[in-house]
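The values are calculated or read from the model by the stated rules, or taken from the named source; none is laboratory data. For clarity, every value in this text was computed on a predicted model and none was experimentally measured. Don't worry about glycine lacking a Cβ; one is built from the backbone with ideal geometry, like all the others, and counts go over all protein chains shown.
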Amino acid sequence: MILRAKAVFPVTAPPIEDGAVLITGQKIRAVTPWKSLRPHLREKVLDLGEVMLLPGFINPHCHLDYTDMAGSIPPPKTFTDWIAAIIAAKAPWGYSDYAHSWLHGAHQLLKSGVTTVGDTEAMPDLLPEVWDATPLRVFSFLEMTGIKLRRTPRDILREAVEKIDSLHHSRNRAWLSPHAPYSTLPELLERTARLAQKRGWRVAIHVAESQSEFDMFYDAQGLMYEWLMRNGRDATDCGQGSPVAHLARHQLLGENVLAIHVNCLARGDATLLAKNKTHVVHCPRSHDYFKHPPFQRARLAAAGVNLCLGTDSLATTRKAGRNRPELNLFAEMRMLATRDQTVSPAEILRMATVNGARALGLAGQIGELTAGAFADIIALPLSGKAPSLPEAVIQHTGSVYASLIEGRWVIPPK
Ligand SMILES: [Zn+2]
(Lines give C-alpha, C1' and ligand atoms only; values in the text may rest on other atoms or scores of the structure.)
Protein backbone atom coordinates (compact mmCIF):
# COMPACT_ATOMS: atom_id res chain seq x y z
CA MET A 1 0.00 0.00 0.00
CA ILE A 2 1.16 3.53 -0.75
CA LEU A 3 -0.18 6.50 1.23
CA ARG A 4 0.14 9.86 -0.49
CA ALA A 5 -0.29 13.10 1.44
CA LYS A 6 0.27 16.82 1.00
CA ALA A 7 2.97 16.61 3.69
CA VAL A 8 4.87 13.76 5.31
CA PHE A 9 6.70 14.57 8.52
CA PRO A 10 8.98 11.70 9.63
CA VAL A 11 10.13 13.71 12.75
CA THR A 12 13.66 12.25 12.46
CA ALA A 13 14.04 13.80 8.97
CA PRO A 14 12.87 17.05 7.36
CA PRO A 15 9.25 17.27 6.16
CA ILE A 16 8.47 16.14 2.61
CA GLU A 17 5.99 18.13 0.56
CA ASP A 18 3.72 15.94 -1.58
CA GLY A 19 5.14 12.87 0.09
CA ALA A 20 4.39 9.19 0.18
CA VAL A 21 4.84 6.27 2.54
CA LEU A 22 5.19 2.79 1.10
CA ILE A 23 3.93 0.09 3.49
CA THR A 24 4.42 -3.64 3.22
CA GLY A 25 2.63 -5.72 5.84
CA GLN A 26 3.30 -4.27 9.31
CA LYS A 27 6.31 -2.19 8.28
CA ILE A 28 7.26 0.96 6.41
CA ARG A 29 9.37 0.22 3.34
CA ALA A 30 10.04 3.77 2.14
CA VAL A 31 9.29 7.41 2.95
CA THR A 32 9.86 9.59 -0.12
CA PRO A 33 8.57 12.40 -2.31
CA TRP A 34 5.57 11.14 -4.31
CA LYS A 35 7.30 11.69 -7.63
CA SER A 36 10.14 9.29 -6.82
CA LEU A 37 7.77 6.39 -6.15
CA ARG A 38 7.14 5.63 -9.82
CA PRO A 39 8.96 2.25 -9.78
CA HIS A 40 6.42 1.02 -7.19
CA LEU A 41 3.27 2.22 -8.89
CA ARG A 42 1.87 -1.29 -9.15
CA GLU A 43 1.04 -0.96 -5.43
CA LYS A 44 -2.37 0.23 -4.34
CA VAL A 45 -2.30 4.03 -3.82
CA LEU A 46 -4.44 5.85 -1.31
CA ASP A 47 -4.26 9.60 -1.85
CA LEU A 48 -5.26 11.22 1.45
CA GLY A 49 -5.09 14.75 0.02
CA GLU A 50 -4.81 17.78 2.32
CA VAL A 51 -3.34 15.99 5.34
CA MET A 52 0.04 15.52 6.96
CA LEU A 53 1.30 12.09 7.91
CA LEU A 54 3.43 11.69 11.00
CA PRO A 55 4.39 8.92 13.42
CA GLY A 56 1.77 7.93 15.97
CA PHE A 57 2.45 9.46 19.39
CA ILE A 58 4.16 7.54 22.17
CA ASN A 59 2.70 8.11 25.62
CA PRO A 60 5.12 6.46 28.04
CA HIS A 61 3.13 7.20 31.20
CA CYS A 62 -0.55 6.69 31.82
CA HIS A 63 -2.91 4.94 34.25
CA LEU A 64 -5.69 3.66 31.99
CA ASP A 65 -7.30 2.06 35.08
CA TYR A 66 -8.35 5.49 36.37
CA THR A 67 -9.83 7.03 33.19
CA ASP A 68 -13.41 7.06 34.50
CA MET A 69 -12.31 8.98 37.60
CA ALA A 70 -11.98 11.98 35.25
CA GLY A 71 -12.81 15.17 37.09
CA SER A 72 -13.96 13.39 40.25
CA ILE A 73 -11.05 14.43 42.47
CA PRO A 74 -10.76 18.24 42.63
CA PRO A 75 -7.17 19.54 42.85
CA PRO A 76 -6.11 18.85 46.46
CA LYS A 77 -4.40 21.15 48.95
CA THR A 78 -1.56 18.70 49.46
CA PHE A 79 -0.17 15.64 47.68
CA THR A 80 -0.96 13.40 50.64
CA ASP A 81 -4.62 14.61 50.53
CA TRP A 82 -4.72 13.36 46.95
CA ILE A 83 -3.34 9.93 47.91
CA ALA A 84 -6.10 9.62 50.54
CA ALA A 85 -8.71 10.76 47.95
CA ILE A 86 -7.72 8.21 45.32
CA ILE A 87 -7.64 5.38 47.86
CA ALA A 88 -11.21 6.35 48.83
CA ALA A 89 -12.29 6.67 45.16
CA LYS A 90 -10.95 3.20 44.36
CA ALA A 91 -12.66 1.46 47.29
CA PRO A 92 -16.08 0.83 45.67
CA TRP A 93 -14.67 -0.13 42.23
CA GLY A 94 -14.75 -3.73 41.00
CA TYR A 95 -13.25 -5.62 38.07
CA SER A 96 -15.75 -4.44 35.45
CA ASP A 97 -15.46 -0.77 36.54
CA TYR A 98 -11.71 -0.95 36.00
CA ALA A 99 -12.04 -2.85 32.72
CA HIS A 100 -14.48 -0.29 31.28
CA SER A 101 -12.38 2.59 32.56
CA TRP A 102 -9.22 1.08 31.02
CA LEU A 103 -10.88 0.61 27.62
CA HIS A 104 -12.37 4.12 27.63
CA GLY A 105 -8.83 5.40 28.19
CA ALA A 106 -7.42 3.31 25.35
CA HIS A 107 -10.13 4.68 23.04
CA GLN A 108 -9.34 8.29 24.06
CA LEU A 109 -5.65 7.74 23.37
CA LEU A 110 -6.30 6.27 19.91
CA LYS A 111 -8.64 9.14 18.99
CA SER A 112 -5.97 11.65 19.95
CA GLY A 113 -3.18 10.07 17.92
CA VAL A 114 -1.43 7.83 20.44
CA THR A 115 -0.39 4.49 18.98
CA THR A 116 1.80 3.23 21.87
CA VAL A 117 1.24 3.58 25.60
CA GLY A 118 3.39 2.73 28.60
CA ASP A 119 0.67 2.09 31.16
CA THR A 120 1.08 1.69 34.90
CA GLU A 121 -1.17 -1.21 35.83
CA ALA A 122 -2.50 -1.49 39.38
CA MET A 123 -5.07 -4.15 38.38
CA PRO A 124 -3.00 -6.82 36.62
CA ASP A 125 -6.01 -9.17 36.61
CA LEU A 126 -7.36 -7.04 33.72
CA LEU A 127 -4.58 -8.41 31.54
CA PRO A 128 -4.67 -9.95 28.99
CA GLU A 129 -8.43 -9.39 28.46
CA VAL A 130 -8.12 -5.62 27.96
CA TRP A 131 -5.04 -6.04 25.73
CA ASP A 132 -7.11 -8.20 23.39
CA ALA A 133 -9.88 -5.60 23.28
CA THR A 134 -7.84 -2.70 21.83
CA PRO A 135 -5.60 -2.29 18.78
CA LEU A 136 -3.39 0.09 20.81
CA ARG A 137 0.22 -1.05 21.37
CA VAL A 138 0.48 -1.44 25.14
CA PHE A 139 3.35 -1.91 27.54
CA SER A 140 1.92 -2.53 31.00
CA PHE A 141 4.14 -1.69 33.96
CA LEU A 142 2.85 -3.74 36.88
CA GLU A 143 2.63 -1.49 39.92
CA MET A 144 4.20 -2.71 43.15
CA THR A 145 3.76 -1.00 46.52
CA GLY A 146 4.40 -1.93 50.13
CA ILE A 147 5.85 -0.09 53.10
CA LYS A 148 5.45 -2.72 55.79
CA LEU A 149 7.37 -5.93 56.11
CA ARG A 150 4.17 -7.98 56.43
CA ARG A 151 4.42 -8.61 52.67
CA THR A 152 8.13 -8.82 51.98
CA PRO A 153 9.68 -7.10 48.93
CA ARG A 154 10.67 -10.57 47.77
CA ASP A 155 7.02 -11.74 47.78
CA ILE A 156 5.75 -8.54 46.14
CA LEU A 157 8.23 -8.94 43.29
CA ARG A 158 7.63 -12.68 42.94
CA GLU A 159 3.89 -12.11 42.52
CA ALA A 160 4.44 -9.50 39.77
CA VAL A 161 6.96 -11.69 37.95
CA GLU A 162 4.62 -14.70 38.04
CA LYS A 163 1.93 -12.55 36.46
CA ILE A 164 4.31 -11.31 33.76
CA ASP A 165 5.47 -14.83 32.98
CA SER A 166 1.86 -15.98 32.62
CA LEU A 167 1.07 -13.38 29.93
CA HIS A 168 1.46 -14.13 26.24
CA HIS A 169 0.55 -11.68 23.51
CA SER A 170 1.74 -11.25 19.96
CA ARG A 171 2.76 -7.63 20.56
CA ASN A 172 2.01 -6.28 24.03
CA ARG A 173 4.03 -7.11 27.10
CA ALA A 174 4.33 -6.40 30.80
CA TRP A 175 7.23 -4.94 32.74
CA LEU A 176 7.75 -3.72 36.31
CA SER A 177 6.95 -0.56 38.24
CA PRO A 178 7.87 -0.09 41.88
CA HIS A 179 5.33 2.70 42.48
CA ALA A 180 7.57 5.38 44.03
CA PRO A 181 10.43 5.65 46.54
CA TYR A 182 8.06 6.68 49.34
CA SER A 183 5.54 3.86 48.75
CA THR A 184 8.13 1.06 48.55
CA LEU A 185 11.10 -0.18 50.57
CA PRO A 186 14.69 0.05 49.27
CA GLU A 187 14.95 -3.73 49.08
CA LEU A 188 12.17 -3.83 46.46
CA LEU A 189 14.05 -1.27 44.33
CA GLU A 190 17.25 -3.29 44.51
CA ARG A 191 15.56 -6.60 43.72
CA THR A 192 13.63 -5.04 40.84
CA ALA A 193 16.79 -3.46 39.41
CA ARG A 194 18.66 -6.78 39.50
CA LEU A 195 15.85 -8.80 37.97
CA ALA A 196 15.09 -6.23 35.24
CA GLN A 197 18.78 -6.19 34.28
CA LYS A 198 18.86 -9.97 34.07
CA ARG A 199 15.67 -10.30 32.02
CA GLY A 200 16.14 -7.22 29.81
CA TRP A 201 12.97 -5.56 31.12
CA ARG A 202 12.07 -1.85 31.38
CA VAL A 203 11.17 -0.36 34.77
CA ALA A 204 8.99 2.71 35.42
CA ILE A 205 8.91 4.54 38.74
CA HIS A 206 7.31 7.81 39.88
CA VAL A 207 10.09 9.86 41.45
CA ALA A 208 10.55 13.33 42.95
CA GLU A 209 6.97 14.09 42.03
CA SER A 210 6.09 16.43 44.91
CA GLN A 211 7.93 18.80 47.21
CA SER A 212 6.78 16.71 50.19
CA GLU A 213 8.41 13.58 48.71
CA PHE A 214 11.59 15.57 48.21
CA ASP A 215 11.49 16.84 51.82
CA MET A 216 10.95 13.29 53.11
CA PHE A 217 14.11 11.93 51.49
CA TYR A 218 16.25 15.04 51.69
CA ASP A 219 15.43 16.25 55.20
CA ALA A 220 13.35 13.51 56.90
CA GLN A 221 10.54 15.98 57.46
CA GLY A 222 7.37 17.40 55.96
CA LEU A 223 3.80 16.27 55.36
CA MET A 224 4.54 13.06 53.51
CA TYR A 225 7.19 12.03 56.00
CA GLU A 226 4.84 12.56 58.93
CA TRP A 227 1.94 10.81 57.18
CA LEU A 228 4.00 7.74 56.30
CA MET A 229 5.59 7.55 59.76
CA ARG A 230 2.08 7.52 61.27
CA ASN A 231 1.31 4.65 58.88
CA GLY A 232 4.25 2.58 60.04
CA ARG A 233 6.84 3.15 57.30
CA ASP A 234 10.47 2.65 58.26
CA ALA A 235 12.42 5.95 58.27
CA THR A 236 16.00 4.75 57.98
CA ASP A 237 16.17 5.65 54.26
CA CYS A 238 14.99 9.24 54.88
CA GLY A 239 17.19 12.30 55.36
CA GLN A 240 19.94 10.91 53.14
CA GLY A 241 19.60 12.86 49.90
CA SER A 242 17.13 13.57 47.10
CA PRO A 243 14.65 10.99 45.75
CA VAL A 244 16.79 10.68 42.58
CA ALA A 245 19.88 10.02 44.75
CA HIS A 246 17.78 7.41 46.60
CA LEU A 247 17.23 5.56 43.30
CA ALA A 248 20.94 5.76 42.53
CA ARG A 249 21.81 4.39 45.97
CA HIS A 250 19.57 1.39 45.32
CA GLN A 251 20.81 0.79 41.74
CA LEU A 252 17.53 1.83 40.14
CA LEU A 253 18.90 4.25 37.55
CA GLY A 254 19.79 2.99 34.10
CA GLU A 255 19.08 2.93 30.38
CA ASN A 256 16.11 0.63 31.05
CA VAL A 257 14.54 2.97 33.65
CA LEU A 258 11.75 5.52 33.05
CA ALA A 259 11.74 8.11 35.83
CA ILE A 260 8.24 9.59 35.91
CA HIS A 261 7.74 13.30 36.84
CA VAL A 262 11.11 14.35 38.39
CA ASN A 263 9.64 17.70 39.40
CA CYS A 264 12.06 18.37 42.27
CA LEU A 265 15.79 18.23 41.65
CA ALA A 266 18.72 18.57 44.02
CA ARG A 267 22.08 19.81 42.78
CA GLY A 268 23.69 16.99 40.81
CA ASP A 269 20.45 15.07 40.09
CA ALA A 270 20.25 16.08 36.41
CA THR A 271 23.83 14.89 35.85
CA LEU A 272 23.13 11.68 37.76
CA LEU A 273 20.12 10.91 35.54
CA ALA A 274 22.05 11.74 32.36
CA LYS A 275 25.11 9.74 33.36
CA ASN A 276 22.93 6.70 33.98
CA LYS A 277 20.98 7.26 30.71
CA THR A 278 17.70 7.29 32.66
CA HIS A 279 14.69 8.63 30.73
CA VAL A 280 12.43 11.29 32.27
CA VAL A 281 8.70 11.48 31.53
CA HIS A 282 7.07 14.87 32.10
CA CYS A 283 3.27 15.01 32.41
CA PRO A 284 2.31 18.71 31.97
CA ARG A 285 -1.38 18.58 32.91
CA SER A 286 -0.75 16.42 35.99
CA HIS A 287 2.02 18.86 36.94
CA ASP A 288 -0.44 21.75 36.58
CA TYR A 289 -3.14 19.92 38.58
CA PHE A 290 -0.87 19.63 41.62
CA LYS A 291 0.89 22.99 41.10
CA HIS A 292 4.27 21.36 41.61
CA PRO A 293 7.47 23.45 41.55
CA PRO A 294 8.36 24.42 37.92
CA PHE A 295 9.56 21.46 35.82
CA GLN A 296 13.31 21.87 35.18
CA ARG A 297 13.15 20.97 31.48
CA ALA A 298 16.02 23.16 30.32
CA ARG A 299 18.29 21.93 33.10
CA LEU A 300 17.57 18.27 32.36
CA ALA A 301 17.90 18.80 28.60
CA ALA A 302 21.21 20.62 29.05
CA ALA A 303 22.53 17.69 31.09
CA GLY A 304 21.60 15.38 28.18
CA VAL A 305 18.60 13.58 29.67
CA ASN A 306 16.13 12.00 27.22
CA LEU A 307 12.83 13.81 27.91
CA CYS A 308 9.41 12.43 26.98
CA LEU A 309 5.80 13.55 27.33
CA GLY A 310 3.13 11.53 29.14
CA THR A 311 -0.51 12.04 30.07
CA ASP A 312 -0.51 10.51 33.57
CA SER A 313 -4.10 9.69 34.56
CA LEU A 314 -7.41 11.56 34.48
CA ALA A 315 -7.47 11.35 38.27
CA THR A 316 -4.79 14.06 38.12
CA THR A 317 -6.13 16.24 35.30
CA ARG A 318 -8.23 19.37 35.78
CA LYS A 319 -11.68 19.72 34.29
CA ALA A 320 -11.84 22.03 31.27
CA GLY A 321 -14.68 24.28 32.37
CA ARG A 322 -17.57 21.93 33.09
CA ASN A 323 -16.31 19.22 30.78
CA ARG A 324 -14.73 16.02 32.00
CA PRO A 325 -11.16 15.89 30.74
CA GLU A 326 -9.97 13.21 28.31
CA LEU A 327 -6.56 11.66 27.80
CA ASN A 328 -5.00 13.71 25.02
CA LEU A 329 -1.34 14.19 24.16
CA PHE A 330 -2.12 17.30 22.05
CA ALA A 331 -3.41 18.93 25.24
CA GLU A 332 -0.20 17.91 27.04
CA MET A 333 1.91 19.42 24.24
CA ARG A 334 -0.06 22.67 24.39
CA MET A 335 0.26 22.86 28.17
CA LEU A 336 4.03 22.43 27.91
CA ALA A 337 4.25 25.07 25.16
CA THR A 338 2.28 27.51 27.35
CA ARG A 339 4.29 26.86 30.50
CA ASP A 340 7.77 26.74 28.96
CA GLN A 341 8.52 29.47 26.42
CA THR A 342 12.05 28.14 25.89
CA VAL A 343 11.01 24.86 24.23
CA SER A 344 10.39 24.80 20.46
CA PRO A 345 7.37 23.09 18.86
CA ALA A 346 9.77 20.75 17.02
CA GLU A 347 11.33 19.69 20.35
CA ILE A 348 7.89 19.14 21.90
CA LEU A 349 7.00 16.88 18.98
CA ARG A 350 10.20 14.88 19.47
CA MET A 351 9.29 14.45 23.14
CA ALA A 352 5.92 12.99 22.07
CA THR A 353 7.36 10.62 19.48
CA VAL A 354 10.99 9.60 19.03
CA ASN A 355 12.06 10.29 22.64
CA GLY A 356 9.23 8.14 24.01
CA ALA A 357 10.22 5.33 21.65
CA ARG A 358 13.77 5.49 22.98
CA ALA A 359 12.52 5.33 26.57
CA LEU A 360 10.57 2.16 25.80
CA GLY A 361 13.58 0.60 24.08
CA LEU A 362 11.99 0.84 20.61
CA ALA A 363 14.08 3.50 18.86
CA GLY A 364 13.90 3.05 15.09
CA GLN A 365 10.81 0.83 15.41
CA ILE A 366 8.16 3.32 16.47
CA GLY A 367 7.92 7.11 16.94
CA GLU A 368 9.35 7.94 13.50
CA LEU A 369 8.55 7.37 9.87
CA THR A 370 11.52 5.52 8.51
CA ALA A 371 12.19 2.42 6.41
CA GLY A 372 12.05 -0.66 8.65
CA ALA A 373 9.89 0.92 11.37
CA PHE A 374 6.39 -0.31 12.17
CA ALA A 375 3.69 1.42 10.14
CA ASP A 376 2.26 3.26 13.18
CA ILE A 377 1.13 6.43 11.40
CA ILE A 378 -1.40 9.20 12.03
CA ALA A 379 -2.93 11.72 9.64
CA LEU A 380 -3.95 15.24 10.64
CA PRO A 381 -5.89 17.71 8.48
CA LEU A 382 -3.57 20.39 7.08
CA SER A 383 -5.13 23.84 7.15
CA GLY A 384 -1.97 25.69 6.21
CA LYS A 385 -2.58 28.40 8.84
CA ALA A 386 0.24 27.37 11.21
CA PRO A 387 3.73 28.73 10.42
CA SER A 388 5.31 25.25 10.59
CA LEU A 389 4.28 21.59 10.66
CA PRO A 390 5.26 21.09 14.34
CA GLU A 391 3.13 24.12 15.26
CA ALA A 392 0.23 22.76 13.21
CA VAL A 393 0.50 19.50 15.18
CA ILE A 394 0.50 21.23 18.55
CA GLN A 395 -2.47 23.43 17.59
CA HIS A 396 -4.57 20.48 16.43
CA THR A 397 -7.80 19.90 18.35
CA GLY A 398 -10.33 17.11 18.02
CA SER A 399 -9.80 13.57 16.78
CA VAL A 400 -7.05 12.67 14.33
CA TYR A 401 -8.14 12.26 10.70
CA ALA A 402 -6.85 8.70 10.52
CA SER A 403 -4.59 6.29 12.40
CA LEU A 404 -2.73 3.15 11.43
CA ILE A 405 -1.01 0.63 13.74
CA GLU A 406 1.23 -2.05 12.26
CA GLY A 407 -0.15 -1.28 8.81
CA ARG A 408 -3.82 -1.66 9.83
CA TRP A 409 -6.35 1.16 10.06
CA VAL A 410 -7.50 1.70 13.62
CA ILE A 411 -9.19 4.96 12.60
CA PRO A 412 -9.89 4.69 8.86
CA PRO A 413 -9.79 7.85 6.71
CA LYS A 414 -13.23 9.20 5.75
ZN1 LIG B 1 1.48 8.30 37.37
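General observations
- So Thr67, is it modelled with pLDDT of 95 or more and within 16 Å of the ligand (Cβ to nearest atom): yes
- Of all residues in segment 186-201, exactly one satisfies the criterion of being surrounded by 23 or more Cβ atoms within 10 Å (Cβ to Cβ) and either in a loop (DSSP other than H, G, I, E, B) or β-branched (Val, Ile, Thr) (or both), namely Thr192.
One line per residue, one yes/no per condition, for (1) at pLDDT 95 or above; (2) out of contact with any helix residue (DSSP H, G or I) (no Cβ under 6 Å at 6 or more places or on another chain):
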site: Pro345; (1), (2): yes, no
site: Met351; (1), (2): yes, yes
site: Arg358; (1), (2): yes, yes
site: Leu362; (1), (2): yes, yes
site: Glu368; (1), (2): yes, no
site: Ile377; (1), (2): yes, yes
site: Leu380; (1), (2): yes, yes
site: Gly384; (1), (2): no, yes
site: Ser388; (1), (2): no, yes
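- Residue list for segment 203-226, filter: in a helix (DSSP H, G or I) and in contact (Cβ under 8 Å) with a residue 60 or more places away in the chain: Gln211, Ser212, Glu213, Leu223, Met224
- Filter pass, Tyr182 being in a loop (DSSP other than H, G, I, E, B) and either within 16 Å of the ligand (Cβ to nearest atom) or over 19 Å from the mean Cα position of the chain (by Cα) (or both): yes
- Of all residues in segment 271-287, at least one satisfies being within 16 Å of the ligand (Cβ to nearest atom), in a loop (DSSP other than H, G, I, E, B), touching a strand residue (DSSP E or B) at 6+ places or on another chain (Cβ under 8 Å) and at negative phi.
- Members of segment 99-123 found to be within 25 Å of Leu157 (Cα to Cα) and within 16 Å of the ligand (Cβ to nearest atom), listed by number: Trp102, Val117, Gly118, Asp119, Thr120, Glu121, Ala122, Met123
- Filter result for Glu326 (in a loop (DSSP other than H, G, I, E, B), more than 16 Å from the ligand (Cβ to nearest atom), modelled with pLDDT of 95 or more and within 16 Å of Cys62 (Cβ to Cβ)): yes
- Elements of type strands (runs of 3 or more DSSP E) contained in segment 22-127, each with 1 or more residues being surrounded by fewer than 18 Cβ atoms within 10 Å (Cβ to Cβ) and at negative phi: 27-33, 45-47
- Only residues that are over 18 Å from Ala302 (Cα atoms) and without any contact (Cβ under 8 Å) to a residue 60 or more places away in the chain were counted in segment 227-254, giving 13.
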